[in-house]
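Below: the structure, in structure tokens.
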Amino acid sequence: MARLPVRLYQAGLGPLFGKRLLLLHHTGHLTGLHRRVVLEVITYERSDDRLSWTVASGFGPAAAWYQSLRHFPWATVQFGNLRYAATASLLPPETGGDIMTRYAAGHPRLARRLCAFKGFRVDGSPAAFRRVGNSIPFVRLDAIPGDRIV
């Protein structure tokens, strides 16, 4: 079941996920092999020639894809049926707090469920979501301008 979204992307059905999910192609930090994982898009920014996505490591800094990006920050982002060469930037905790506060304001029920799933107690206040965001690793994936992969 966990691999189902990856298989849907492989079948060309990525657009079904809209702007909520992306498929990250990365290099395994221990094996050097090609790996894929579907991640929820926390923020998506597009302006002129710049594209970026922010994703969260809900399983913390030990998540395999997160560790891989720490060692090899070059990846491919598949968003819908389009692929982009991208570089990853690990964001500092205070930035994560800001991101989580904005995410919770736009998706309050989903943010509460995410926090509960991860064992965080929140009262719904911006300060509570900021504390959670400070402890979740966030990554910004920036598309390399002019490097869309066909």
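Computed from Cα atoms, the angle from the helix 126-135 axis to the main principal axis of the chain rounds to 50 degrees. Share of carbon and sulfur in the accessible area of the chain stands at 56%, probe radius 1.4 Å.
Evaluating 6.51 cos²θ - 1.76 cosθ + 1.60 at θ = phi - 60° for every residue in segment 11-22, the Karplus couplings come out as 7, x, 9, x, x, 4, 7, x, 9, 8, 10, 9 Hz, glycine and proline recorded as x. Could you work out how far helix 93-106 tilts from the main Cα principal axis of the chain, as a 0 to 90 degree angle to the nearest 10? With both axes taken from Cα atoms, the answer is about 80 degrees. According to a simple spin-label model (label point 7 Å from Cα along Cα-to-Cβ), what is the distance in nm between Arg20 and Ser47? Those two pseudo-labels are separated by 2.8 nm. Straightening the chain between Trp74 and Arg113 buys 10.9 nm, computed as 0.36 nm per residue apart minus the Cα-Cα spacing.
Rounded to the nearest whole Å², what accessible area per residue is found for the chain with the 1.4 Å probe?
Values: 8530 Å² over 150 residues.
Per residue, the chain has 57 Å² of solvent-accessible surface.
Scaling the Cα radius of gyration of the chain by the globular reference 2.2 N^0.38 Å produces a ratio of 1.03.
The values are calculated or read from the model by the stated rules, or taken from the named source; none is laboratory data. Note that the coordinates shown come from a computational prediction; the quantities given were computed from them, not determined experimentally. Positions of Cβ are generated from backbone atoms using ideal geometry, with glycine treated the same way; all protein chains shown enter the neighbour counts. Just so you know, the surface numbers come from the protein's heavy atoms only, side chains and all, with ligands and any DNA or RNA stripped out. Shrake-Rupley method; radii C 1.70, N 1.55, O 1.52, S 1.80 Å.
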